[in-house]
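Worksheet: one structure, shown below.
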């Protein structure tokens with residue numbers, strides 16, 4: 001799913017927009033025991049409570065595609081005949097009214113998910129009458145192309161608040177406020193089926209993880225039985241490691257800076273062009289970058305091999321997962337320097353009298369701990 005399609009579904013999570021009539025919930029304690037199950041009607045809640053539920057569910061569709069929001073795919077065999085796909089279809093087809101299917105889903109999540117502490121599983125079903133959109137992008141609200149029926153799952157940690165003092169208006173006094181269990185923002189969740197090309201795609205699901213360093217692979221295996229991409233943070237660390245290992249003596253500041261600059265340029269160009277499809281690059285694209293920077297063919301070949309071993313030969317990566325487009329970082333054991341990528345030319349490396357230096361051209365004012373200093 002691209003950003004526009006995700007945003008279109010996100011807009012559904014308002015009381016006046018969605019057809020969500022109730023939310024199935026399962027509260028689980030730290031021992032993986034079910035404390036409570038509930039099925040409240042949103043219509044019978046106060047407006048404040050119903051908006052809270054919808055806001056939590058909506059958070060499961062937040063973040064950056066390819067980083068927090070990941071496309072998961074089922075094989076044809078899974079769609080034709082598999083327990084995992086059949087269960088999701090039963091939840092969707094019954095609008096969460098199939099008690100056996102809901103119970104089995106909760107069981108799978110609890111058995112498969114390794115999440116510390118108490119947590120809440122929320123399930124919602126919605127049917128979206130998708131308005132027709134012409135080629136010029138104009139939406140015709142009175143013309144529908146299909147009804148997109150989907151389920152959304154949010155899994156939220158439930159944490160104990162800290163004791164505090166609270167002001168009581170009527171008494172004009174402060175009193176001790178006891179601890180209570182509070183639902184946090186979703187840690188993970190998913191949308192099924194995917195809304196690809198503004199249409200139902202039973203072969204895909206959109207998976208959400210709040211922490212880009214953790215993809216909860218055990219949950220994905222329990223619910224989807226499908227591989228999950230390497231976490232975004234691990235992709236960046238692995239890419240940097242491969243780059244450093246394979247460049248060897250070619251691992252100069254100018255080479256790394258040039259690769260960073262080209263990746264940032266792709267991100268900026270993609271953003272400026274208002275492209276709807278997620279930006280990805282292939283192994284071949286990175287190899288071309290390295291060659292253009294003067295990296296030896298033998299080192300490019302080594303990069304090729306290590307890339308295949310770490311990611312897979314045909315795996316495309318998002319540049320947003322590989323570099324920080326907002327800064328270029330130089331680090332020594334004792335010093336860390338952050339540079340605006342647009343002005344990375346202000347930094348250079350030199351060897352003077354046998355000692356290695358990082359030189360920063362200081363054309364404008366220089367501050368140390370907020371104090372202007374003069375360089376003479």
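Every read-out reported here was derived from the displayed coordinates using simple, explicitly stated rules and does not represent laboratory data. For clarity, every value in this text was computed on a predicted model and none was experimentally measured. Methodologically, a virtual Cβ is constructed for each residue, glycine included, from the backbone with ideal geometry; neighbour enumeration extends over all protein chains shown.
With axes computed from alpha carbons, what is the tilt in degrees of helix 232-247 against the longest principal axis of the chain, rounded to the nearest 10 within 0 to 90?
That helix lies at roughly 20 degrees to the long axis.
Does the stretch 233-373 come out rounded, prolate or oblate, given a ≥ b ≥ c as the square roots of the eigenvalues of its C-alpha gyration tensor, rounded meaning a/c under 1.5 and, failing that, prolate meaning a/b above b/c?
oblate
How many nm is it between the label spots at residue 171 and residue 326, if each spot is 7 Å from the Cα in line with the beta carbon?
Here the modelled spin labels are 4.4 nm apart.
Tell me the volume per residue, in Å³, of the convex hull enclosing the alpha carbons of the stretch 30-82.
203
Rounded, prolate or oblate, given the Cα gyration tensor of the chain, with a/c below 1.5 counting as rounded?
Prolate is the answer for the chain, as a/c is 1.5 or above and a/b outweighs b/c.
Specify the inter-centroid distance of the stretch 247-281 and the stretch 288-313, based on alpha-carbon positions, in whole Å.
Using only Cα atoms to place each centre, the spacing works out to 15 Å.
On C-alpha positions alone, give me the angle between the axis of helix 253-272 and the longest principal axis of the chain, in degrees, nearest 10.
Around 40 degrees separate the two axes.
Could you tell me whether the stretch 125-249 comes out rounded, prolate or oblate from its Cα gyration tensor? Rule is a ≥ b ≥ c as square roots of the eigenvalues, rounded for a/c under 1.5, then prolate if a/b exceeds b/c, otherwise oblate.
Oblate shape, in that a/c is at least 1.5 and b/c is the bigger or equal ratio.
Would you mind calculating the relative contact order of the chain from Cα pairs under 8 angstrom and at least 6 residues apart, reporting the percent as a whole number?
Worked out over the chain, it gives 15 percent.
Binning every alpha carbon pair distance of the stretch 232-278 at 5 Å from zero, what are the percents per bin?
Spelled out bin by bin, the stretch 232-278 gives 5, 18, 19, 23, 17, 11, 6, 1 percent.
When only alpha-carbon atoms count, how far does the stretch 62-136 stretch along each of its three principal axes, as whole angstroms with the largest first?
Result, largest extent first: 49, 29, 26 Å.
Report relative contact order for the stretch 163-229 in percent, whole number only (criteria: Cα-Cα under 8 Å, sequence separation at least 6).
After rounding, I find 18 percent.
With the contact rule set at Cα under 8 Å and sequence spacing of 6 or more, what percent relative contact order holds for the stretch 233-373?
25
Would any residue of the stretch 247-265 have its amide N under 20 Å from a label point 7 Å out along Cα→Cβ of residue 352? List them or say none.
253-254
How many angstrom lie between the Cα centre of the stretch 29-83 and the Cα centre of the stretch 194-232?
Using only Cα atoms, the two centres lie 12 Å from each other.
Going by how many other beta carbons lie within 10 Å of each one, how would you line up 336, 64, fewest first?
The fewest-first ordering by Cβ neighbours comes to 336, 64.
Rounded to the nearest 0.05, what FRET efficiency do residue 271 and residue 225 give with R0 = 35 Å and r taken as the Cβ-Cβ distance? Could you check?
Once rounded, the FRET efficiency stands at 0.50.
At a Förster distance of 45 Å, what's the computed FRET efficiency of residue 202 paired with residue 297, Cβ-Cβ distance as r, to 0.05? Before the final figure, lay out each step's value.
Working: r = 45 Å, r/R0 = 1.01.
It comes out at approximately 0.50.
Give the angle, between 0 and 90 degrees and rounded to the nearest 10, that separates the Cα long axis of helix 297-310 from the longest principal axis of the Cα atoms of the chain.
Tilt relative to the chain: about 20 degrees.
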